[in-house]
Amino acid sequence: MSNIITRHIPNTLTCANLVSGCIAVYYALCGDAPTALLWIAAGAAFDFFDGMSARLLGVSSPIGKELDSLADDVTFGVAPSAIVFVQLSVMRFEGLPDNVAQYLPHVAWVMAAFSALRLAKFNLDTRQTTSFIGMPTPANALFWASLLVSNGGRIESMPYMAYCLAALIGVSCWLMVSEVPMFALKFKTWGWQGNETRYGFITAAAAVTAWLGPTAALWMVVVLYLLVSLWHNRRR
């Protein structure tokens, strides 16, 4: 009986991630981005522990891998895309007639498609066992949700920012499927040697979070993650 329960723990956590993503999509489309961010963060926590539990319990399975990608695309692809879509829907695309501008917010959904593509590539890429190639989807999702929750009003009031967000979506999509190596917070040992980048990033991220608070700091922490990854690659 215990073996049956143990075998289903990782997939249960993955399903919790999927449900969190669905709830995040609902709140995002209702215009409640802060609550959507909370559910995305909850999904990220479930996503972290489902993989960890599968490794610790030795119950990894092909179906778990596929289920994980499906859940991740909802939580880290569709949910942040919904937040961006709602944000763009209340912004002006200066210089364009309304009958054209009304369709442009839908460019946000492209990010969900690229998230799915990134997850599919990850499943097939044997190089990403201890690090990442391209921006991980949870990092991308937390970046967008945090950026718009903490700066949505300011962004909305600035001219031509709708075009800037659309361009940033393009950059975000490229980063997810790019060949840019990025370090992972996966520790083989807990010593300092070999983990300098990880401990340095964690320390800097904690300092930024303590200074600005979790919501406002998240998008900056993701930018920091990208910059540290680029610096780490130059040192290798």
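The values are calculated or read from the model by the stated rules, or taken from the named source; none is laboratory data. All values derive from a computational prediction rather than experimental measurement. When we count neighbours, we look across all protein chains shown, and the Cβ atoms used for this are built from the backbone with ideal geometry, even at glycine. With ligands, DNA and RNA removed, areas are computed over all heavy atoms of the protein, side chains included. Shrake-Rupley method; radii C 1.70, N 1.55, O 1.52, S 1.80 Å.
Here are some notes:
- Total formal charge among the other residues, if their Cβ is under 15 angstrom from that of Ile40, Lys/Arg +1 and Asp/Glu -1: -4
- With the Kirkwood sum run over all distinct C-alpha pairs, the range 7-53 has a hydrodynamic radius of 10.5 Å.
- For the chain, averaging the sequence separation of C-alpha pairs within contact (under 8 Å, six or more residues apart) and dividing by the residue count gives a relative contact order of 20 percent.
- Unit Cα scatterers, Debye sum, the chain: log10 I(q)/I(0) for q = 0.11, 0.16 Å⁻¹: -0.59, -1.20
- Accessible-area composition of the range 6-105, carbon plus sulfur, in percent [1.4 Å probe]: 69 percent
- Under the simplified labelling scheme, the Ala210-Trp109 pair shows an inter-label distance of 4.5 nm, with each label point 7 Å from Cα along Cα→Cβ.
- At the residue level, Glu66 shows approximately 110 square angstrom of accessible surface with a 1.4 angstrom probe and all protein chains present.
- Each eigenvalue of the Cα gyration tensor of the range 22-101, multiplied by 5 and square-rooted, gives one semi-axis; in descending order these are 35, 13, 8 Å.
- Rounded to the nearest 10 degrees, the inclination of helix 33-57 to the longest alpha-carbon principal axis of the chain is 20 degrees.
- For Ser178, residues with placed amide H under 5 Å, excluding near neighbours: Met135
- Positive-end extreme of charge dipole, the chain - chosen from Leu185, Ala82, Phe114 (charges on Cβ): Leu185
- Cα centroid of the range 144-175 to Cα centroid of the range 179-233, whole Å: 23 Å
- Taking the charge dipole of the chain about its Cα centre, with +1 at Lys and Arg Cβ atoms and -1 at Asp and Glu Cβ atoms, the residue from Thr137, Gly21, Thr197 reaching farthest to the positive side is Thr197.
- For the range 13-53 and the range 83-137, distance of Cα centres in Å: 17 Å
- Principal-axis analysis of the Cα atoms of the chain puts helix 214-235 at an angle of about 70° to the longest axis.
- Against the main long axis of the alpha-carbon atoms of the chain, helix 62-73 sits at an angle near 20°.
- Every helix of 4 or more DSSP H residues in the chain counts as -39500 (n - 2.57), and over all residues that averages to -24500 deg cm²/dmol at 222 nm.
- Of the listed residues Phe122, Phe48, Phe93, the order by accessible area with a 1.4 Å probe, largest first, is Phe48, Phe122, Phe93.
- Length gained on full extension, Asp98 to Ala45: 15.0 nm, using 0.36 nm per residue less the C-alpha separation.
- Prolate/oblate/rounded call for the range 155-236, Cα gyration tensor, a/c under 1.5 rounded: oblate
- Placing a label point 7 Å from the Cα of Tyr199 along the Cα-to-Cβ line, no residue of the range 213-236 has its backbone N under 15 Å from it.
- A simple rule links phi to the HN-Hα coupling: the Karplus curve 6.51 cos²θ - 1.76 cosθ + 1.60 with θ = phi - 60°, which for the range 191-207 gives x, 6, 5, x, 10, 4, 5, 5, 5, x, 5, 4, 5, 5, 5, 5, 5 Hz, with x for Gly and Pro.
- Cα convex hull of the range 92-188 - mean projected area over all directions, nm²: 7.3 nm²
- Across the range 148-157, coupling constants 3J(HN,Hα) worked out from phi with the 6.51/-1.76/1.60 Karplus curve, θ = phi - 60°, read 7, 5, 8, 9, x, x, 5, 4, 5, 7 Hz, and Gly and Pro carry x.
- Three principal axis lengths of the range 67-112 [C-alpha, angstrom, descending]: 43, 13, 11
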